[in-house]
Every structure is written in C-alpha cells, then in structure tokens.
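Structure, as structure tokens:
The values are calculated or read from the model by the stated rules, or taken from the named source; none is laboratory data. Note that the structure is a prediction, hence the values are computed from the model and not measured. Glycine also receives a Cβ, built like all others from the backbone with ideal geometry; neighbour counts cover every protein chain displayed. What goes into the accessible areas is simple: the full protein's heavy atoms, side chains included, and nothing from ligands, DNA or RNA. Shrake-Rupley method; radii C 1.70, N 1.55, O 1.52, S 1.80 Å.
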Amino acid sequence: MKRAIISFVLVVGLVMTVFAGGSQQSSSSTTAGGDKVVTMYQLKVEIKDALDAYAAEYSAATPGVTVSVETLGGGGDYGGGLRAKSQSGQMPDIFQIEGMGGYEIWKDYIADLSNETWVADTDLGFMVDGKVMGFPVAIEGYGLAYNADILAAAGIDPATLTTRSAYEQAFQTLEARKAELGIDAPVAMAASVSGGMWWVAGQHNLAAYWGGGLDFDDTSVIEAALAGQMDDARFREYAQYVQLLFKYADQNVLLNGGYDQQVGAFAQGRTAFLHQGNWVDPNLAQLGVDFKVGYAPHAFTNTPQTGLYLFAPSWYVVNAQSPNAQAAKDFLTAMATTSAGQRFMVEGAGMIPAFKSVTLQPSGQLSQALMAANARGGNYGVFFGMLPDGAGQNVFGPIYDLFAQDPDNLDQFIADMKAAIAGLPRM
Amino acid sequence: MKQNNWVNVFFLIPVLFAFTMIIVIPFLFGLYYSMTDWNGVRMVVNFVGLRNFANLFSAPDFLYSFLITIAFTLINVILVNIVSFALSLIVTSNVKFRNFYRAGFFVPYLIGGIVLGYIWQFILNNIFLSVGDTLAIEFLQTSFLSRSESVIWAMSAVNTWQYAGYVMLIYVAAIQSIPASLMEAANVDGAPYLTRIFHILIPMMANAFTISLFLTLTNSFKQFDMNFTLTNGGPATRFMDVPVKASQLLAMNIFNTATANRMAEAQAKAVVLFVALVVVALVQVSINKKKEVEM
C-alpha cells in the first residue's frame, strides 16, 4: 500500500511538470543613472531598427529621459510577453493594443490621451466613449497587389478590375498564358492553418464582407454578424470571390505556405497578384523587386467597387499606473509633431502616418498607392477588430483552410460560415 | 535509522523547495483559476464554479483534439518503442562502428522539437514535392502535411525520429546490465537468437520498458513544440460537421485558447489534460510493474 502511494505521488509529480501558471503582483519604479527610463514594448518587428534609432535620437535630445524599446512580434506571442511583464511588475510605460479585445484586457493600465496635442491631427485615434485612449501607429491598408509588368504583358488594364467578373476574366487570361508569362499561378493567396495564414483569409479577406462597398464607418454588416445574422445574398457574392482567388492561387502557397512563401512567390514574379497589405513594402525591397506594383480593389460584387481597405492596425497606449506616464506621453507627442518624429515614421519605418499634417511621402510603392487612395477617398473600413478574440484564428481559420482544399464546394463554405457567424454571440 | 531519515530530509529540502514553488503552488493556482473567469490580466477574479468545464466535451474542437491526441499517443508509444528497441539491439550487437551509431541515433533528440519541426516541414513540404514533381510520382505531389488523413502519421514519424535515440539509450543501459552469462548459457544450450530475445532479454529488462513506455506516453500526450512548428495544427478537417484543425493536439488546443485571451477556459482544458494523463500513466505503470522481475 505504502509503495502504491509513493508511486502515485511520484507519477503525479512527474506529470505535474507540464503545468505552470501563477500570478504575482508587484510594482517597480524604473529609474537608472538619474535618467527617467521610459520603457516601450512594441510588436512591429519590421520597424524595430528605425524605432530603436529614433528612441536613441530622442533620448539624446531630451535631457533626463531615456527611451528604451523592446520588440517582440511577427510570430512571437506579444500578448503573452506583455502578460508576463505585467505579472512580474515590469509593465512597460508604452505598449501596443490591436483593438477592442486588447483594450478590454488592459483597460486598467490605459491612460486617457484626449488632451494631447496630436489628437486634433488624426481621425484614427483609438476612441472609447468619446475619449482618445490610443495613438495610431500608422495607416495600413490593402487591396489586391498586382505586378504591373505581368498585367501589361497579358494585356490587362488594372483600372478595369472593379468587378468580380473582370477578375474572373483576368485570371482566366493569366492562367491560359502562364508558361508564356513565366508565372506559376495568377494569385499568391494564403489560407493555410499550417502556415499560420488564417489572418490573410479569415481576417483581411473576410473584411471585404464586413465593409466592402459600404461607407467607411458603416458597421451594419458586422453588427448583424455579432448578433448571429448573415446577409446571405451579400455573403454568396463574397464567397464566389473567395472561390475565384482560391482556384487561381498557387496551390502549394495556398495550402502549405507561410508569409515568406506567399510574398516570395510574388516578389520573384511567379504570380501576378498578391493578397497582402502595404506592410510587405520592406520585404519587396529586400527581395530586390524592380517591377512596378499597385493596388486593385477587392471587388467581390458585380457592382463596381473601387476602394481599398484602410485602417490603423494598432495603437500605442500609455501605462496610466506608471510614474513615467507624462514622459511617455511626451515621447508620443514628439513622434507625431516634431520633424524628427515624422521623419522616423515615414522615412525610417516606411509607414503612412495617421496624422494629416505630415507631408512626407513613403518610399514603398504599395504605401504610395495607399496614400493616393486615401487622398482620393471612397475607401472601405476594416472592422475585424470588433470580433471576439480567437474568432479569426480558431473558428474562421479552419473554415477557409477547408474551402481552400476543395474550392468547388461553395455551398459547404457558405453553410460553415453561416454556422460560425450564428455562433459568434456565444463566444 | 532515525538520524538517517533526518539527513535524507535535509538533503531533500532544496529540491522540495523548488518543486513546491514552481510546480505545486502554480498547479494549485491553476486549479483555482480554472474555476474563475480570469482573463490573465484583470485584478478582479470572479469564481464561476465548473462553468468552464461544462461545455468542453460538447465543443467539437476540444473533443477532436482529445481524440487525435489519444491516437497520436497510441501510434507513438508503439512506434517509438519498437524502433528504439530495434536500434538498441543493433548498437549492442557486434556490428562495426556501434559507438558511432549510438551517438548518431541520439543526435535528433539533441536538436529539439522547434528546430526539428521546421527542418521536417521543409523536407515534407518542399523536398518531397520536388522529388514527386521530378519523378512524376503522384503520391508525393501533395504534401503529407496538407492531407488531413496522413498528417498524424507524418507527425508520428518525426516524433519517432526525435525520441527513438533517447529511448534507445535506456534500452541499451538495460541490455548491458543483464549478466552476459545468461545469454551465453542460452546460446550454448542452442536457443536461437529470437528465442533468446523474447525469453531472456525482454523479461530481464521489463523495468526499462516501464520507464520507456511512461516517457513516450507522457511525451506524446503533452506534445507541443514539434506540433507547433511542423503543422501548426493544420490542415483543417471536418469533425461533427464543424471545421476543426486536423493536427491540433491537446497542448496546442490549450495554447490557442490561451492566446485568444480565454485564460480560464484554457486552464480548465489543462486540468482535463492533467487528469487524463495521470489516469493513463498510472494504469500503464501499474500494468508494467506486474511484469517486472526482481533480480
């Protein structure tokens, strides 16, 4: 008996090593060497070097303040990292949220920024109950990026791509002349669970259903979805567009590929279209792209659509509980209002600033296309941030993956999505 | 004897302290949080009883993860142990370079699941496809990782590749501890090779099987790292008429729930995994214990 108990305890003990998860709350003041240290924890890996350089420049120019930036993102678990920091009492002074989901979690820590000078200069501040709580990191956006050289060689004018049938024709032309144009497939689209590309399909592409063809701030479709309702006619049109993208996509990229394979296929001229946003500009530059690129709209209906999808992907927020909150706010203000800060955003990080007074032009071709679209107007809003956490990754992701495996099965895809949307209110 | 006990306790204190602080206490916290609505950050924590557990076994994705984990564990317990036992026989025979093989078979274990997952993803998604395209073998032209019926086997193969060398070492140690006189005597009596293995070798190393089965069982049940990098849960498949991730094992299901900020729900799933693992491991150990021979 005694032996049985000992072996039970030992087995339980060994097995328990899987689990850990505790909580501890402590606080620390962050000062070193007389300087106030403003700690910033951010998730945009692609701007890490530029931001580090700007933080150093700001620290040198501002006596008594040192800004230190830590970056975790891309495939990294930013939310988990931030949680670990808060548990260990090292909550950064500036951190990043990506929408309402993040705000709900961190609202105890988020300071009101309504009185900052940059607030009047932007439309994209993170608003809660009429108060500005977040500093828009940038304007990002997307349409269907195209390789102008390939389209010209195939005799397709990108300006005509404003309806689904126009796309269908263009894809057919490209498919028929694949060998001659030297491409593997018309579109670089990714939807695989294995590649972690649920966000391209279940988030960015699905945003066309939520907001495409509507006014920039018209949230009626997604509001209905959050109540469990799907607009059947509209969704069928959208689903046919998804089907088109999937059928004419490079199948290996679609079913197995990750971000690098998808962007790589387009950058090497092996596809004519790429379903990605302007954040690929630095990647395209790295990969030595010398052809002209631009954006065509995600026109999923046969009524013409011409707008691109524009949004602030994330916001910097200031830790209200930090003793350095004021210094953190000053850093953000300087970023938005000084010429050094604006140069960092545009020239260093290659972003499109969300501030109207900035006149600098980003160098990336897709960013320029977005800026032009922004000036032209008539763009569509992006509302996936209103969905419950995990909906894109754990619910829509597998549905798109399954549809990509068998794109002929349109009705099944629609039925799956209808069931998923009906389940949203319970999430 | 009494004094001896005190010395024992004294030497155990550092370990017990660490064990309590980083395993026992967090574990109890985890049990508590599984019955709350905590989101990982908020300071207000409401007790909700067993609500987090109530829906688990009607949720298709969790149920599927549970079943696929059991299947994965079964496949691996069998595959890893057969392969590693065979390897241990090879490297304890008179074959040339046996020390080199010993080291070689062990190397995959040193690489670690994350890197190994990426390596095999590249092999399965790119190299196999290229070979298939070049030689026009249709069987190889779709990746094993993008077929929901084969992905679990691909994962098992990689898992075996990783763990076989490690478990082999346990078997090698057990084989070497068997007195040579037993095998020689049997040999002189004219017992053929297979008879010697099944009637002397295997019964004599039954305790090694207990350990190896326990290790492979628990390791497969809580497999995460290789799962994460090799398949990331993909591709999708249909289960109970709902699209789910075909290779999302339990640990990864928990991880994906947690990263969607459903901390308490994820913790409830972890408790279920823990209970299942304890039950299975206890049954396995008690069965194996009966087969052991005392020297």
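Any residue that is modelled with pLDDT under 80 and within 14 Å of chain B (Cβ to nearest Cβ) - is there at least one of those in the stretch A:36-52?
Looking through the stretch A:36-52, none of the residues is modelled with pLDDT under 80 and within 14 Å of chain B (Cβ to nearest Cβ).
Filter the stretch B:30-55 for residues that are within 29 Å of the chain's Cα centre (by Cα) and either under 24 Å from A:Asp108 (Cα atoms) or among the acidic types (Asp, Glu) (or both); which is modelled with the lowest pLDDT?
That would be B:Gly40.
Tell me the helices (runs of 4 or more DSSP H) entirely within the stretch B:170-241 that contain at least 2 residues that are more than 14 Å from chain A (Cβ to nearest Cβ).
Because the criterion is at least 2 residues that are more than 14 Å from chain A (Cβ to nearest Cβ), the helices (runs of 4 or more DSSP H) in the stretch B:170-241 that meet it are B:180-188, B:193-196, B:206-221.
Filter the stretch A:160-218 down to the residues that are within 14 Å of another protein chain (Cβ to nearest Cβ), within 25 Å of the chain's Cα centre (by Cα) and over 13 Å from A:His275 (Cα atoms) and list them by number.
A:Ser192, A:Val193, A:Ser194, A:Gly195, A:Gly196
Cβ-Cβ distance below 8 Å, separation of 6 or more or different chains: which pairs start in the stretch B:273-284 with a residue that is facing another protein chain (nearest Cβ under 7 Å) and under 20 Å from B:Gly30 (Cβ atoms) and end on one that is among the polar types (S, T, N, Q) and buried (at least 17 other Cβ atoms within 10 Å of the Cβ)?
Within 8 Å, the pairs are B:Leu277/B:Thr218; B:Ala281/B:Thr218.
Report yes if A:Pro388 is in contact with a helix residue (DSSP H, G or I) (Cβ under 8 Å, 6 or more places away or on another chain), facing chain B (nearest Cβ under 10 Å) and either under 17 Å from A:Ala225 (Cα atoms) or open to solvent by less than 10 Å² (accessible area, probe 1.4 Å) (or both), otherwise no.
When the stated conditions are applied, A:Pro388 passes them.
Answer with yes or no whether B:Val95 is modelled with pLDDT under 90, among the hydrophobic types (A, V, I, L, M, F, W, C) and touching a Phe, Trp or Tyr at 6+ places or on another chain (Cβ under 7 Å).
No.
For (1) crowded, with 24+ Cβ neighbours inside 10 Å; (2) closer than 24 Å to A:Leu410 by Cβ; (3) more than 14 Å from chain B (Cβ to nearest Cβ); (4) among the hydroxyl-bearing types (Ser, Thr, Tyr), each residue gets a yes or a no:
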| residue | (1), (2), (3), (4) |
| --- | --- |
| A:Leu245 | yes, yes, yes, no |
| A:Gln251 | no, yes, no, no |
| A:Leu255 | yes, yes, no, no |
| A:Phe266 | yes, no, yes, no |
| A:Arg270 | no, no, yes, no |
| A:Gly277 | yes, no, yes, no |
| A:Asn283 | no, no, yes, no |
| A:Leu287 | no, no, yes, no |
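Check B:Arg262 against each of (1) within 25 Å of A:Ile399 (Cβ to Cβ); (2) more than 10 Å from chain A (Cβ to nearest Cβ) and name the one condition it does not meet.
(2)
I'm trying to understand the selection: among the residues of the stretch B:242-251, which are touching a residue at least 12 places away in the same chain (Cβ under 8 Å) and not basic (Lys, Arg)?
Scanning the stretch B:242-251 gives B:Val242, B:Val244, B:Ala246, B:Ser247, B:Gln248, B:Leu249, B:Leu250, B:Ala251.
Looking at the stretch B:127-169 only, could you name the residues that are within 11 Å of chain A (Cβ to nearest Cβ) and not in a helix (DSSP H, G or I)?
Across the stretch B:127-169, the qualifying residues are B:Gln141, B:Thr142, B:Ser143, B:Arg147, B:Ser148.
Which members of the stretch A:88-104 meet the condition of being more than 17 Å from B:Asn261 (Cβ to Cβ) and out of contact with any strand residue (DSSP E or B) (no Cβ under 7 Å at 6 or more places or on another chain)?
Of everything in the stretch A:88-104, those that are more than 17 Å from B:Asn261 (Cβ to Cβ) and out of contact with any strand residue (DSSP E or B) (no Cβ under 7 Å at 6 or more places or on another chain) turn out to be A:Ser88, A:Gly89, A:Gln90.
Give the residues of the stretch B:242-253 that are more than 10 Å from chain A (Cβ to nearest Cβ) and either surrounded by 23 or more Cβ atoms within 10 Å (Cβ to Cβ) or assigned to a loop (DSSP other than H, G, I, E, B) (or both), sorted by residue number.
Result: B:Leu249, B:Leu250.
Give the stretch A:155-210 a look and list any residue that's open to solvent by 10 Å² or more (accessible area, probe 1.4 Å), of a type in the set (Gly, Ala, Ser) and assigned to a loop (DSSP other than H, G, I, E, B), or say none.
Passing the criteria: A:Gly155, A:Gly182, A:Ser194, A:Gly195, A:Gly196.
Only residues in the stretch A:65-90 that are within 14 Å of chain B (Cβ to nearest Cβ) count as the first member; pair them with residues that are of a type in the set (Phe, Trp, Tyr) and surrounded by 15 or more Cβ atoms within 10 Å (Cβ to Cβ), Cβ under 7 angstrom, at least 6 apart or cross-chain, and list the lot.
Partner pairs satisfying both residue conditions: A:Leu72/A:Tyr78; A:Leu82/A:Tyr41; A:Leu82/A:Phe95; A:Lys85/A:Tyr41.
Among the residues of the stretch A:201-221, what is the count of those that are modelled with pLDDT of 95 or more and among the β-branched types (Val, Ile, Thr)?
1
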